[in-house]
Amino acid sequence: METGNQAGSPHGETGQTPPAGQAIGQGKDEAAGRPARAATRRPLRLVLPSAPPASGELSAADSLPDPVPSAQMTLVGQLTEWARMRIEERVFRPGMRMPSIRQLAQDKGISRFTVVEAYDRLVALGYLESRRGSGFFVRERGPSIGPGLGAGMPSEGATAPHASRNIDVPWLLRNMFHRAEPRKAPGLGFLPNDWLDGELIGSALRGLARQPGSHFLASGTPEGFLPLRQQLRTRLAELEIGAAPEQIVLTSGITQALDLIARLYVRPGDPVLVGDPAWFVMFARFAAQGAQVIGVPYTAEGPDLEALERIVQAHRPRLLVLNSVLHNPTGTSLSAAKAFQLLRLAEQYDFLVVEDDIYCDLCPPGHPATRLASLDQLKRVIYLGSFSKTLAANLRVGFVAARPELAQSLTDAKLLAGLATPEINERVLYKVLTEGHYRKHVERVRNRLERARDETRHALEKLGLTLFPGQHAGMYLWADTGRDTNAIATAGHEEGYLFAPGSLFSPSQLPSGWMRFNVACGHDPQMLDFLARQLDRL
Ligand SMILES: Cc1ncc(COP(=O)(O)O)c(C=O)c1O
């Protein structure tokens, strides 16, 4: 942005937080990277004529209330937030000229860089405009910027769940992204933040920041960062899946991998087989492609193969999508016997199998789990992996491993859909995987999951719920409540709870008595109380 560069604004870190109780104008002037002058050890006071003109200039000489005191915000953040609030409240009205950078910096004894940076942020948020040679002006704005931090900068604390007419897949997805408190969100599809290790990402990012900036400028390659693909090859070899780096394509999570597969292999009307139950987002993705999404009933050891054969004979699908290990939502895994028979059916009826192994690293040692890709060595199987569950959903790095010509077609489809995936994220993941702390981290998470599953299982059984049969591990328990779980989810929604009702996990979307519980959030006493009341009521 114009001003930042003109003023020589450092492109470095401005995110440090002043010590508790320190207000704007005190302490280190972080944008300049040096201590503020002694004269500035007082709260910053921006100034404005007491009765501001409808248009005109804000002066730095008149006193205004103090900016929002915050121990959590940087100096730039406080200045930005302070000005934003005044613009929202129309104390600074559209068309007014903001104090000049020099004047404001001088008056408050802060660095010009700090003011520039705050003004830049306000321009980016749509509150100010920069007029070349004339300075910064409060912008005429449409109604699009509402309360909160404005367009494009959602508040960290935004937790209001989405009201919706229907309990449907978009409803659950939207609500998951609204970060209900974990203790109130047994329906959550991720681990709560305090189960993960943000420092793994933080330290990788700091390491990257020390590398020359030119590394980050050019687009990544369409297949994705080669050292990461080489690293994934090693990890796949540990699962006895042979894949050369050319067979591995990095994607923006498994969600994008499925999107590319849908674009490549599915035409309107094509039958696509999925588990019933299974992860719901893919139903919607394949349906959007015009596919006929057909559910295959599930058993404790994987899909019901007799039913599968009947469905295959009747529909002749091109694809079967399967979450073979720690299946979402049942938490069970495919047995070796089923895996062999399933591949035999795929061979006989000539369909591809997409194996989604997102929960791979959460699988405890000794838990019986067979990967189709290790049996078939990527002939008919397209294998998908991701780090969204164990590292950070925010990273958006997943991958596809497939036969060379399929990997090539998927790369071409990826190019058309969005060129490359962000190499910066891929480099972060590469650092995390190679710096040696990831394994310990997932081991800790697995152990914690074991304990949490025991607690949640006991609590659910105590309420009279019946668990899906089989050997469970990972994040979920799938339980039959004997009631319409849409009704429980709706009532819960009104009280701020997020439940994941069974209907969403079936391509039929029919009302169901089943419910998915995230074991990390499944044993809060108040939530269990609420559930008990619903079970009594329904
Ligand atoms: C079975 C399954 N596959 C894929 C995903 C999404 O993966 P990603 O974040 O890598 O797109 C999820 C997330 O809930 C999932 O449960």
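What follows is calculated from the coordinates using simple rules that are stated; it is not laboratory data. In this text, all values refer to a predicted model and were calculated from it rather than measured experimentally. Cβ sites come from the backbone with ideal geometry, for glycine too, and all protein chains shown count toward neighbours.
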task = Would you list, by chain and number, the lysines whose Cα falls below 23 Å from the Cα of Lys108, excluding same-chain residues fewer than 8 positions away?
result = Lys28
task = Take the alpha carbon gyration tensor of the range 374-483, find the square roots of its eigenvalues, order them as a ≥ b ≥ c, and report rounded if a/c is under 1.5; if not, report prolate when a/b exceeds b/c, else oblate.
result = prolate
query = Expressed as a whole percent, how much of the Cα-Cα distance distribution for the range 423-481 exceeds 17 Å?
reply = 55 percent
request  = Report, by chain and number, residues whose modeled amide H sits under 5 Å from the one on Arg139, excluding near sequence neighbours (fewer than 5 apart, same chain).
outcome  = Gly95, Leu128, Glu129
ask   = For Thr299, Thr234, what ranking results if the residue with the fewest other Cβ atoms within 10 Å of its Cβ goes first?
value = Thr234, Thr299
request  = Could you please rank Arg132, Arg310, Arg121, placing first whichever residue has the fewest other Cβ atoms within 10 Å of its Cβ?
outcome  = Arg132, Arg310, Arg121
ask   = How do Thr255, Thr434, Thr485, Thr80 rank when sorted from fewest to most other Cβ atoms within 10 Å of their own Cβ?
value = Thr434, Thr255, Thr80, Thr485
key: For Val354, residues with placed amide H under 5 Å, excluding near neighbours   = Leu320, Val321, Leu322, Ile382
